Amino acid sequence: MAEIVLRIRLVSGDHLDVRYEEPDIASDDEVVDHAVAALAGNDGMLRCLHGGRLLVLYARGVSAVEIAPRGAVL
């Protein structure tokens, strides 16, 4: 299972850090590609974790996505 931390900048200017994990993928690079493809797709949504809570992120409210370096702390 690979896990990455994304810093999401919203259209409103606010930002939040979320954790995205993909159990079927072992490489961090593949997880990044999967997350970007999911946000760019027709549905444009991504299931993430923010702290201990499940968060569904919709692409229409996102203005930018940054990938955190390894060791980022939420």
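Every read-out reported here was derived from the displayed coordinates using simple, explicitly stated rules and does not represent laboratory data. As the structure is a prediction and not an experimental result, all values here were calculated from the model. Quick reminder, even Gly has a Cβ in these numbers, built from the backbone with ideal geometry, and neighbours come from all protein chains shown.
Odds and ends about this structure:
- Volume per residue that the Cα convex hull of the chain spans, once the total is divided by residue count, Å³: 88
- Using the Cβ-Cβ distance between Asn42 and His15 with R0 set to 30 Å, the FRET efficiency works out to roughly 0.75.
- Protection-proxy order for peptides 43-50, 56-63, each taking the mean of Cβ atoms within 10 Å per residue, highest first: 43-50, 56-63
- Residue-span extension gain [Met1 to Leu54] - 0.36 nm each, minus C-alpha spacing: 17.3 nm
- Test item: Cα-centred dipole of the chain, Lys/Arg +1 and Asp/Glu -1 on Cβ, debye: 400
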